[in-house]
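Structure first, commentary second.
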Amino acid sequence: MNLKNIQTEVDAAFLYKLLADHEEDINVSAVFRQMSEIEHTHALAFAKKFKLDVGQLPGPSGRAKTLAFIGKIFGYDYVLGVLLDTEKSISTAIAGARRKSKSSSSISDTAHVTILKNILNSSKTVSATNLARFEKRHRSVGGNALRAAVLGGNDGLVSNFSLVMGIAGATSGQETVLLTGLAGLLAGALSMALGEWISVRSSQELFENQMNLEMEELEANPEGEEKELALIYLSKGVPEIQARQMAKDVIGNKEHAHEILVKEELGINTSDLQGSAMEAAITSFVLFAIGAVIPVIPFFFLGGLKAVLFSALFSAIGLFGIGSAITLFTGKSIWYSGFRQVLFGLAAAAITFGIGRLIGVSIAG
């Protein structure tokens, strides 16, 4: 019996119900609730197949509860972002379980985004505004933002850990290693911050130019834009009459129509352009610095081999924590992801330490 597949369904049902309970729009809430019911049905089906008493179904896992806690603090769009980001792996797990159990496939085995769209499009109560809002939520950057936070800390830790070990291998001087570690922290964090600032500003400037062109097209030819929007809705499976009515409703409000058109035709969400480039830069700086300071801490107080060992220990703990955090997105075992991260990080540091030692010996010689 593969309890992991059952746990996956239980967690998905729990998280979709969580989204439904905290969703203000009743139509979108109904979509999430139906998704929760679908996942719960999957869990019951697996339990029946494996002759497991329904009362023995596991509760939400620690991963699911952690996501719920994150949603409570940062907003439930983060939960939706992670859920949608992991749908492919969930679908693969379901398909694999069905092959093993030789059970027939179901439409719900496909990507959950497709199911959500089908539910929305088949509902007569869904307006153009609600559909557009859900599409924006569907592209929620919540999962990506969390991943960026984890990977930012990982970049700082691994790069500075390797740098510190390389210098420690080449010289036994505590001050030299400490200064190098701090320099690496500042250089890396500033580089990350500048890169993030340039990336955000460049994207904003490009999108703003495209949005201005779209506004000119809307003002010059609103009838043509209405037909294009109706065709877009038709291509998504919306019935023709409903698609044309939705397009007409949208075009009736020029500002709202512009927002919908740039999203549908250009794939741009205007709310995404409201982010501050400076805020993104500061966030990148802080995340990188948090990871980068971990291997440097022992060298504030110790020197020589003892400092190296404590640096490796602190870094290994940090790497395991990062690997564990990554399981929020992958659904893999905490022990597997954690120790994999530790192994790769220590290997990189060992290589730079060895190279540093060789260089140090050759210079000394």
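Each reported figure results from applying straightforward, stated rules to the coordinates on display, with no laboratory input. It should be emphasised that the depicted structure is a prediction, and the values quoted were computed from it without experimental measurement. In this analysis, Cβ positions are derived from the backbone assuming ideal geometry, glycine residues included, and neighbour counts consider all displayed protein chains.
Things to note:
- Note, ³J(HN,Hα) from phi for segment 180-192, Karplus 6.51, -1.76, 1.60, rounded to Hz, x at Gly and Pro: 5, x, 5, 5, x, 4, 5, 5, x, 5, 5, 5, 5
- Dividing the Cα radius of gyration of segment 8-83 by 2.2 N^0.38 Å, with N the residue count, gives 1.14.
- Semi-axis lengths, Å, segment 145-190, gyration tensor of Cα atoms, sqrt of 5 times eigenvalues: 24, 10, 6
- Extension gain for Phe50-Glu228 works out to 59.0 nm (0.36 nm per residue, less the C-alpha to C-alpha distance).
- Formal net charge of residues neighbouring Glu37 (Cβ-Cβ distance under 14 Å; K, R +1; D, E -1): -1
- Taking 1.306 mPa s as the viscosity and 10 °C as the temperature, the Stokes-Einstein diffusion coefficient of segment 163-209 based on its alpha-carbon Kirkwood radius rounds to 125 µm²/s.
- Distance between the pseudo-spin-label points of Ile334 and His22 (7 Å out from Cα toward the beta carbon): 2.0 nm.
- Using the Karplus relation 6.51 cos²θ - 1.76 cosθ + 1.60 with θ = phi - 60°, the per-residue 3J(HN,Hα) values for segment 336-345 come to 5, 5, x, 6, 5, 5, 4, 4, 5, x Hz, with x marking Gly and Pro.
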